[in-house]
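What follows is a set of notes on a single structure, which appears directly below.
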Amino acid sequence: MLEPDFGRAFAERSLMDQHSYRLDQPRRHAVLAAIVERCSQRGWDLVAAHVRPDHVHMIVTADAVAERVMNDIKSYASRYLNQRGIDTPDRKRWTRHGSTRHLYGRKNTHAAIRYVVEGQGEPMAVYVSPPIRSVPDHDD
């Protein structure tokens, strides 16, 4: 683990033209609903999701590049919040990029599900697929 870089954090904050975006309970539930809806619309299999105050974890099986899935869901969640009057369209919510990982094998996938659902502290807006259909048949 890297040590905190307070100078870099200060420099990054000074570039921001809006306050940091925090997902309160209504926003977390709206974002989770948007994720579920968008995955259903696209035919993507949402395995698990956990919306936290300052980030979102998702496990999605899709026939699209991971970055495309992430960006599509971020855009859709923003429109969802705007259309419901929770935020205004000029509100910046998401980082420009995000972290994506490919999961291979049941062991890695189940570990990731446990992390997303149980490893984030107090459960907030959580989704777990009933049943989990997306776990590959091959082992690590």
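Identification of helices (runs of 4 or more DSSP H) wholly contained in segment 24-140 with 1 or more residues that are aromatic (Phe, Trp, Tyr) yields 66-83, 106-118. Of all residue pairs spaced 6 or more apart or on separate chains, those with beta-carbon atoms under 8 Å, a first member in segment 75-94 that is under 15 Å from LEU32 (Cβ atoms) and a second member that is part of a loop (DSSP other than H, G, I, E, B) and of a type in the set (A, V, I, L, M, F, W, C) are SER78/TRP94.
LEU81 meets all of the listed conditions (1) in contact with a Lys or Arg (Cβ under 7 Å, 6 or more places away or on another chain); (2) under 22 Å from SER129 (Cα atoms); (3) surrounded by 19 or more Cβ atoms within 10 Å (Cβ to Cβ) but one, namely (2). Residue under question is LEU2, and the condition is that it be assigned to a loop (DSSP other than H, G, I, E, B) and either within 22 Å of PRO123 (Cα to Cα) or of a type in the set (Lys, Arg) (or both); does it hold? The answer is no for LEU2. For segment 5-23, a tally of residues being basic (Lys, Arg) and either outside any helix (DSSP H, G or I) or on the phi > 0 side of the Ramachandran plot (or both) returns 1.
In segment 52-78, the residue that is surrounded by the fewest Cβ atoms within 10 Å (Cβ to Cβ) out of those that are within 18 Å of ALA30 (Cβ to Cβ) and of a type in the set (S, T, N, Q) is SER75.
Every read-out reported here was derived from the displayed coordinates using simple, explicitly stated rules and does not represent laboratory data. Every value quoted in this text rests on a predicted model; they were computed, and no experiment measured them. Using ideal geometry, Cβ is built from the backbone for each residue, glycine included, and neighbour counts are taken over all protein chains shown.
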